[in-house]
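Right, one structure below, let's go through it.
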Amino acid sequence: MTITRDDALRQVPDGRLFVDGLWLEGSTGGERTHHDPATGEVVGKHQLAGSVEVDFAVKAARDALQRGELADPVRRRLLLSSLADAIVAAAGDLAALQTLEMGQPIRATRAGVALAAEWFRYFAGWADKLDGTVVPAGGAVLDYVVANPYGVVAAITPWNGPVVSIALKVAPAIAAGNAVVVKPSELAPFSALRFARICEEVVPPGVINVMPGGPGAGHALCAHPGVDKISFTGGSSAARAVARAAAENHTPVVLELGGKSASIVFADTEPTVVGKLGALLGTIQNSGQGCFLPTRLLVDRAIHDEVVAAVVATAEKARLGDPFEPSTTMGPLAGEAACERVLSVVEDARHRGDGVLLTGGQRAGGALAAGAFVQPTVFGDVDPASPLAQEEIFGPVLAVMPFDDEDEALAIANGTKYGLAGYVWTNDLRRAHRVAAALDAGYVSVNGMAALPPAAPFGGWRGSGHGVEGGRWGVHEFVRLKNVCVSLG
């Protein structure tokens, strides 16, 4: 079924916050006007949460727990299954709104919404499987361990994949028996509010609350004494603010942060194929707006020129355009501010001589001039120590660097403050395992890229955060252990 911009505009919510099963009239955080990043035109207005709404949402979540809404694991399983079904039924609306609010091509947003439904379905299966264990204690003693939910979870989600980001946090939190306050980014409010409409239909009041907001709402939520666990996805500077606020009450935090991930291309691969994939993953996919995308391409000098030629050719063939057009492969950045920031980074890199600009580096003109479109940009011969190679750009900018041997490649790949992902391209199985083991990253992909399967853990090391999302490890992030020792003598 074809989805158009007009279809999406008809689905734009009225912008009210969803708390305790109610749509609030007004808010203390003010109002924000949202612009379509592809056209610059106004999409609509939405409310922003303030401290009053944060208090209301946390209390609503606590009240839901006290009413026992999530005490029964079978009920949690059925609830998550119902959410998965409802997401599938509303998939067209959710995908259209995500494309409208942040510019991701409709093909990609459809896939993201389908993945979100899979996350809810997967964690439905965990809801009645979080059992405990008996500890051998000796003598007339029964010692056992049980997994308890934290209580109220604050889920702070990013704008670059708003629907699946909600699933990554809400599904395991609910499976473990927690109530959730979701604070979506103010840059992508409408798909989250459409998800809230689903919650209104199938979720008991207070179990899931959705309230877009800016930094003020984020601080109020993270510093709130009624919040028992925080799961945050975003940038490093915001993460430091989250951690500082959480420290006031010693609230535990999961941080899924940024990255400067490296693809290491060895000489035994096919240069043209790897070059095309390198350009696709490093610049074109989601316009480079992905924390774990491989934005550094390290290439064995023996095939360097062939790979670079394929990268440049692929980047120059990218079809920038209306993200609602099925033929579009690359949409705009998330907004005008992102566009200006990325172009400034490119200009600074050129001025410093961080590398040689091989293609791109300009704002798209013509019919796309009013939108936040930046051409896929490739720099060659990049200095591994330069800001271009060290700092996360979050835009369609790829830094290419040659290497002479495996040790040098690993030194460059591990030579940043980040540790989110690594990519290895080789036909040598022993090398694949050896390099994967040596990469200082929480996620490693060999000869491809997985699409966040819900059964696998995903999370970063070092400057890319701590804690994981996905699989049994992800649901265990939302339980705390209690040891009970009973004397039977």
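For the Cα atoms of the chain, what angle does the longest principal axis make with the long axis of helix 190-202, in degrees from 0 to 90, nearest 10?
30 degrees
Find, to one decimal place in angstroms, the Kirkwood hydrodynamic radius of region 42-86, where the mean of 1/r is taken over every pair of different Cα atoms and then inverted. Can you show the working numbers first?
On the way: mean 1/r = 0.0763 Å⁻¹.
One over the average 1/r among Cα pairs gives 13.1 Å for region 42-86.
Could you give the dipole magnitude of region 348-450 about its Cα centre, charging the beta-carbon of Lys and Arg +1 and that of Asp and Glu -1, in debye to the nearest 20?
With Lys and Arg at +1 and Asp and Glu at -1, about 400 debye.
Roughly what angle does helix 236-247 make with the longest principal axis of the chain, taking Cα atoms, 0 to 90 degrees, to the nearest 10?
That works out to roughly 20 degrees.
What is the count of Lys pairs in the chain whose alpha carbons sit under 25 Å apart, if the two are 8 or more places apart or on different chains?
18
Could you please state, rounded to a whole Å, how far the C-alpha centre of region 5-59 is from the C-alpha centre of region 372-430?
Between the Cα centre of region 5-59 and that of region 372-430, the gap is 38 Å.
Between residue 248 and residue 336, how high is the FRET efficiency from 1/(1 + (r/R0)^6) when r is the Cβ-Cβ distance and R₀ = 35 Å? Nearest 0.05.
0.50
What do you get for the angle between helix 336-352 and the principal long axis of the chain? Use alpha-carbon atoms, 0 to 90 degrees, nearest ten.
Taking the Cα atoms of the chain, the angle to 336-352 is about 40 degrees.
Out of the total accessible area of the chain (probe 1.4 Å, heavy atoms of protein only), what percent is carbon and sulfur? All intermediate terms of the calculation are to be shown ahead of the outcome.
Details: 10320 of 18870 Å².
Carbon-and-sulfur percentage of accessible area, whole number: 55.
What percentages, rounded to whole numbers, describe P(r) for region 141-218 computed over all alpha carbon pairs with 5 Å bin width beginning at zero?
Percent of Cα pairs in each bin: 3, 15, 26, 23, 14, 7, 3, 3, 2, 2, 1, 0.
What order do 449, 1 take when sorted by accessible area (1.4 Å probe), most exposed first?
Final ranking, largest accessible area leading: 1, 449.
Would you kindly find the accessible area of residue 23, with a 1.4 Å probe and non-protein molecules such as ligands, DNA and RNA excluded, rounding to the nearest 10 Å²?
Approximately 60 Å² for this residue.
When the helices in the chain are scored as -39500 (n - 2.57) per DSSP H run of 4 or longer and the sum is shared across all residues, what 222 nm value do you end up with, to the nearest 500 deg cm²/dmol?
Calculated at 222 nm, the ellipticity per residue is -11500 deg cm²/dmol.
Say the dipole of the chain comes from +1 at the beta carbon of Lys and Arg and -1 at that of Asp and Glu; which of 191, 136, 150 then lies farthest toward its positive end?
136
With a probe of 1.4 Å, find how much accessible area region 113-179 has per residue, and write the answer as a whole number in Å². Spell out each step's value before the answer.
Working: 2090 Å² over 67 residues.
Per-residue accessible area for region 113-179 comes out at 31 Å².
In debye to the nearest 20, how big a dipole does the chain give about its Cα centre with +1 on each Lys and Arg Cβ and -1 on each Asp and Glu Cβ?
Details: 40 positive and 52 negative charges, 193 e Å.
Dipole size: approximately 920 debye.
Tell me, what are the semi-axes, in whole angstrom and largest first, of the equivalent ellipsoid of region 239-314 as set by the roots of 5 times the Cα gyration tensor eigenvalues? Mind showing how you got there, number by number?
On the way: eigenvalues 276, 30, 12 Å².
Equivalent ellipsoid semi-axes, largest first: 37, 12, 8 Å.
When the solvent-accessible surface of protein heavy atoms is calculated with a 1.4 angstrom probe, in what order do 487, 82, 185 fall, highest first?
Correct descending sequence by accessible area is 487, 82, 185.
Among residues other than residue 218 whose Cβ falls under 13 Å from its Cβ, what is the net charge (Lys/Arg +1, Asp/Glu -1)?
Around residue 218, the charge tally is +1.
Quick one: what do you get for region 223-360 if you divide its Cα Rg by 2.2 N^0.38 Å?
Numbers: Rg = 19.1 Å, N = 138, 2.2 N^0.38 = 14.3 Å.
Region 223-360 yields a ratio of 1.33.
How much length is gained if the chain between residue 131 and residue 7 is pulled fully straight, taking 0.36 nm per residue apart and subtracting their Cα-Cα distance, in nm to one decimal?
40.1 nm
What FRET efficiency would be calculated for the residue pair residue 480, residue 434, taking the C-beta separation as r and a Förster radius of 41 Å, to the nearest 0.05?
0.65
How big is the dipole moment of region 73-184 about its Cα centre under a simple scheme where the beta carbon of each Lys and Arg is +1, that of each Asp and Glu is -1, and everything else is neutral? Debye, nearest 20, please.
140 debye
Cα convex hull of the chain: mean projected area in nm², to one decimal?
Computed as one quarter of the Cα hull surface, the answer is 24.2 nm².
Estimate the FRET efficiency between residue 141 and residue 370 by the formula 1/(1 + (r/R0)^6), using the beta-carbon distance for r and 56 Å for R0, to the nearest 0.05.
0.15
When only Cα pairs under 8 Å and 6 or more residues apart are kept, what is the percent relative contact order across the chain?
Answer for the chain is 18 percent.
What net charge is computed for the residues neighbouring residue 53, neighbours being all others with C-beta under 12 Å from the C-beta of residue 53, Lys and Arg scored +1, Asp and Glu -1?
Around residue 53, the charge tally is 0.
What does the accessible area per residue of region 6-85 come to in Å², with a 1.4 Å probe and no ligands, DNA or RNA counted?
Roughly 48 Å² per residue, with all protein chains present.
The values are calculated or read from the model by the stated rules, or taken from the named source; none is laboratory data. Keep in mind it's a predicted model, so treat the numbers as computed, not measured. Virtual Cβ from ideal backbone geometry, glycine too; neighbours counted across all protein chains shown. Calculation scope for accessible area: heavy atoms of the full protein, side chains included, ligands and nucleic acids excluded. Shrake-Rupley method; radii C 1.70, N 1.55, O 1.52, S 1.80 Å.
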